[in-house]
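The values are calculated or read from the model by the stated rules, or taken from the named source; none is laboratory data. Just so it is clear, the model here is predicted, and its values are computed rather than measured. Don't worry about glycine lacking a Cβ; one is built from the backbone with ideal geometry, like all the others, and counts go over all protein chains shown.
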Amino acid sequence: MLLLSLLAPVRAQQPPAAPAPPAAPASAAAAAQPVSATARRVYERARGQLLQIRTLLKNQDSQASVGSGFLVSEQGHVITNYHVISQVALEPESYRLRYATTEGRGGELELLDFDVRRDLALLRVVGDGLKGAGALQFRPLAQPLAKGDRIYSMGNPHDVAFAVVEGTYNGLVERSFDPLIYYSGSINSGMSGGPVVDEEGRVVGVNVSAMFFAQQMSFLVPAEFASALFQKSREAKPLAGPAWPRLREQLLAYQEALVTGFIAQPWRGAGNKRYRLPVPQEEFMRCWGRGTPADSKGLNFQRSQCRMDHAVFISGNLQTGYLEVSHEAYDGRQLGALRFAKQYSGSFRNENLGGSNKQRTAPHCREEFVQKDPKDGPPLRAVICLSAYRKLSGLHDLTVLVTTVDAAAEGALGRFDARGISFDNALKLSAHYLEGFGWKAARPQ
C-alpha cells in the first residue's frame, strides 16, 4: 500500500526517521546535491527570511525537536508546519519555541494559530530581533505553475545546515482529499515547514511529507493555505494553554467535510460472482487487491484493501482523520463445510479492534444479525465498535466488521474503519457500509 509520511522534525536523541506516519527515510545526500546558478540566486535572495524552528524544554536549552520556517511579514510572522510545533501547542507548560537564522541569530517565538487539517502553523517573533529582515511573498493564484516548472525547497535538514534543493513541480497528487503538490526533489526531516519557491523567489508551497521507500518523491502544502492562515490570524493574540479545544473544533469541521464527501460517492463492485461488496471509489483513496491462483487447492479468496494516503497529525502518538475499507471473499467448497467454517470464523475472530490507551478509550462494541430483504442481499453478522478520544470530546474511532452468513462453504468478510468522526457520522457511515452489501445479480439458489 502506498504510504506518504510527514517529514518529522528532528527529535532529540532519536534517529532522523520518526514514528509513522511522520518521517519517511530520505536520502542524506540532499543537502550535498549540486545546485544551479538559479538555485544559488534564489537561496541568496531568501536566506534572510529562512528560519530554523526549535522546540526546547521550558526551563532549559535542551532541544526536543527542530524544523524549519520562513518569514511572511515585516512584523515577524512565521509560517511552519503544525507538526513542527505540536509539542508546544499541546504542552505549553513544558515546551517553548526559539528560532535561529542563517546568520546564527536567535530569539523567542509565540504561537498565534494553526490549521491542523493542512498541517500549518502561524508563529510570530517575540520582540524586534528580526525587524527589517524582510518577508517572502506568495505567488499569486492567478499565475499557476505548469508541470515541469523548476521550484526550490529550502530548510535545515537533520539539523545540519540550511540548504536549497532544486526540483520539479508535477501538479497535484491524484486521489488526495485535500490538495497536495507532488514535488520531484529530495527533502529531508528537519526541512518540515520550510518554503518552496519559484524562480522569482515567491512561495508556491510548504515542505510537509515524503514517500516511504522512494527517492525524489516529496509533497508540499499549496501556498494558498499558508497565505489564508496568515491573513486570517495575523492579528491574533498568542494561544494560551493547551490547544485541544481548537484542535477539536477544527477536527469536527474536517470530519464533517470528509464524511459528506465519502457518502456522496456510490459504492463500486468488487467483481465477486456471488456478492455485491462495498468497494469505495478511488477519488481520494487507493485500493490494492490480491487473491489465490486460479489453480490453487483448498480455500480460495480475493482480498481488497482501500485507504486514504494521509492522516491528520495531532501528536507523535496520535494521527486521525482517515478512512479504510477492506474485504475478503472466500470460496471453501473444496474444503467442505466443517473445515471452511473453522477458517471463516477464525478470520473474523482475528480482527484487531484495539484497546484502551492514553489517547482513546477501549472500544465499546455491539453485535447483531442484519436480516436484509432476501431479494436485496444476504443476511449479515455485524459488529460495530466505537472508541472515544480522551482529549477530543465528541470524536470517535469507528470499526464495522461484517460477515455474510448465507452459505455453508462461501462467504465474505468486510471491515470499515473511520478515524476521528462524530457519533452522528458514525451512525451514517455504518448504515452506508451495510447498505453496500447485496447479491451480485439474482439471489443465488
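Does the range 326-342 contain any residue that is of a type in the set (S, T, Y), in a loop (DSSP other than H, G, I, E, B) and either surrounded by 14 or more Cβ atoms within 10 Å (Cβ to Cβ) or modelled with pLDDT under 90 (or both)? Step through it out loud before you land on a result.
Of all residues in the range 326-342, those of a type in the set (S, T, Y) come to 326, 330.
If we keep only those that are in a loop (DSSP other than H, G, I, E, B) as well, we get none.
There is no residue in the range 326-342 that is of a type in the set (S, T, Y), in a loop (DSSP other than H, G, I, E, B) and either surrounded by 14 or more Cβ atoms within 10 Å (Cβ to Cβ) or modelled with pLDDT under 90 (or both).
Restricted to the range 401-424, and to residues there that are surrounded by 22 or more Cβ atoms within 10 Å (Cβ to Cβ) and under 28 Å from N317 (Cβ atoms), the residue that is farthest from the chain's Cα centre (by Cα) is F416.
When the range 92-108 is filtered for residues that are within 10 Å of L51 (Cβ to Cβ) and touching a helix residue (DSSP H, G or I) at 6+ places or on another chain (Cβ under 8 Å), the ones remaining, listed by number, are T101, T102.
Among the residues examined, H396 qualifies as surrounded by 22 or more Cβ atoms within 10 Å (Cβ to Cβ), without any contact (Cβ under 8 Å) to a residue 60 or more places away in the chain and of a type outside the set (D, E). Note on the range 109-139: residues that are of a type in the set (D, E, K, R) and in contact with a helix residue (DSSP H, G or I) (Cβ under 7 Å, 6 or more places away or on another chain) amount to 6.
Applying a threshold of 6 Å to beta carbon distances and a minimum spacing of six or more residues, or different chains, the list of pairs starting in the range 299-319 at a residue that is closer than 15 Å to N272 by Cα and ending at one that is among the β-branched types (V, I, T) reads N300/T292; F301/T292; S304/V279.
Scan K372, K358 and give me the residue that is closer than 16 Å to S430 by Cα, assigned to a loop (DSSP other than H, G, I, E, B) and touching a residue at least 40 places away in the same chain (Cβ under 8 Å).
Numbers: K358 fails: closer than 16 Å to S430 by Cα.
Sole residue among the options that is closer than 16 Å to S430 by Cα, assigned to a loop (DSSP other than H, G, I, E, B) and touching a residue at least 40 places away in the same chain (Cβ under 8 Å): K372.
For T80, indicate whether it is closer than 21 Å to Q137 by Cβ, in contact (Cβ under 8 Å) with a residue 12 or more places away in the chain, among the polar types (S, T, N, Q) and surrounded by fewer than 19 Cβ atoms within 10 Å (Cβ to Cβ). When the stated conditions are applied, T80 does not pass them. The set of residues in the range 229-256 that are without any contact (Cβ under 8 Å) to a residue 12 or more places away in the chain, over 18 Å from I314 (Cα atoms) and part of a helix (DSSP H, G or I) contains only Q231.
The criterion of at least 2 residues that are modelled with pLDDT under 95 is met, among strands (runs of 3 or more DSSP E) falling completely within the range 165-217, by 203-211. The residue that is farthest from G185 (Cα to Cα), counting only those in the range 122-164 that are in a strand (DSSP E or B) and of a type in the set (V, I, T), is V125. Taking residues in the range 257-281 that are closer than 23 Å to R118 by Cα and touching a residue at least 12 places away in the same chain (Cβ under 8 Å), and partners anywhere that are outside any helix (DSSP H, G or I) and among the small types (G, A, S), the pairs with Cβ atoms closer than 9 Å and at least 6 places apart or on different chains are L258/G321; L258/A418; L258/G420; V259/A418; V259/S422; F262/A418.
When F348 is tested against the conditions (1) surrounded by 15 or more Cβ atoms within 10 Å (Cβ to Cβ); (2) modelled with pLDDT of 90 or more; (3) out of contact with any Gly (no Cβ under 7 Å at 6 or more places or on another chain); (4) not hydroxyl-bearing (S, T, Y), the lone failure is (2).
Within the range 249-271, can you find the residues that are among the charged types (D, E, K, R) and at pLDDT below 95?
To start, the set of residues in the range 249-271 that are among the charged types (D, E, K, R) comprises 249, 256, 268.
Matches in the range 249-271: R268 only.
With the structure loaded, tell me whether S68 is polar (S, T, N, Q), at pLDDT below 90 and assigned to a strand (DSSP E or B) or whether it fails that test. Don't jump to the end; show me each part of the working.
Numbers: polar (S, T, N, Q): yes; at pLDDT below 90: no; assigned to a strand (DSSP E or B): yes.
When the stated conditions are applied, S68 does not pass them.
Listed by first and then second residue, the pairs linking a residue in the range 400-413 that is within 15 Å of K440 (Cα to Cα) and assigned by TED's automatic domain parsing to the domain that holds P379 to a residue that is surrounded by fewer than 18 Cβ atoms within 10 Å (Cβ to Cβ) and not acidic (D, E), with Cβ atoms under 6 Å apart and 6 or more places separating them unless they lie on different chains, are D406/P379.
Selection of the range 83-114 for residues being buried (at least 16 other Cβ atoms within 10 Å of the Cβ) and not in a strand (DSSP E or B) yields H83, V84, I85, S86, Q87, V88, A89, L90, P92, T102.
Candidates in the range 141-154 are the residues that are over 12 Å from Y183 (Cβ atoms) and either in contact (Cβ under 8 Å) with a residue 24 or more places away in the chain or not assigned by TED's automatic domain parsing to the domain that holds G69 (or both); of these, the one that is surrounded by the most Cβ atoms within 10 Å (Cβ to Cβ) is M154.
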